[in-house]
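Below you'll find the structure, written out as structure tokens, and then a few comments.
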Amino acid sequence: MASKTSNEAVQALRRQQKAEETALLAVLGASGTVEQTRQRRAAELAALDAAVSEAEAGEDLALAVLGALMPADRAGRLAGVTPARMQQALRRAATDAVTGRLEALTGETAVVRRRGRPPGTGAPRQARRSGVRVEGGSATDDEHHDQQDGESGQSDADDRESPAASDDGAA
């Protein structure tokens, strides 16, 4: 009887071992399939990322050309993009490509400006200091400069003496 129980226990252990081996082989096969699928997904994502980058570069170029032909804010409104996207396109587009496209469109050599205002606009240049917008040479600029120098808030006019005060009372 002990022999029969032992044989049944051994057979049960062998069935258990066979089931474990079968399950382990299934896991290994599934793991291989998952890894292959992940690699395929990574390759497809890389290809899609490259396609998106190429499309964005084309859009950047088109927006930059339009922005070079007309004011960038108006070009952005016409194209239906935000001002930030328009500025991004103007920064990211290759200058040579924009110049080439402008020459092809207009038949003339074009200069692509990256920064600043157009020459000859006549608009007074404004500077930013400490978050306050001031025009060059204005009274607010002088007052602001005095405050930056650490003076007590008195302007240059307060430091000058009047002619009557400098005569020491002798008229």
What nm value, rounded to one decimal, do you get for the distance between A23 and V10 when each label is placed 7 Å out toward the C-beta? 2.4
What does the convex hull of the alpha-carbon atoms of the range 1-87 project to on average, in nm²? 9.0
Students often check this: by mean Cβ neighbours within 10 Å, which of 43-56, 74-87 ranks highest, and how do the rest follow? 74-87, 43-56
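No value in this document is a laboratory result; all are computed from the given coordinates. What you see is a predicted model, and the numbers here were worked out from it, not measured in a lab. Glycine gets a Cβ as well: all are built from the backbone with ideal geometry, and neighbour counts include every protein chain shown.
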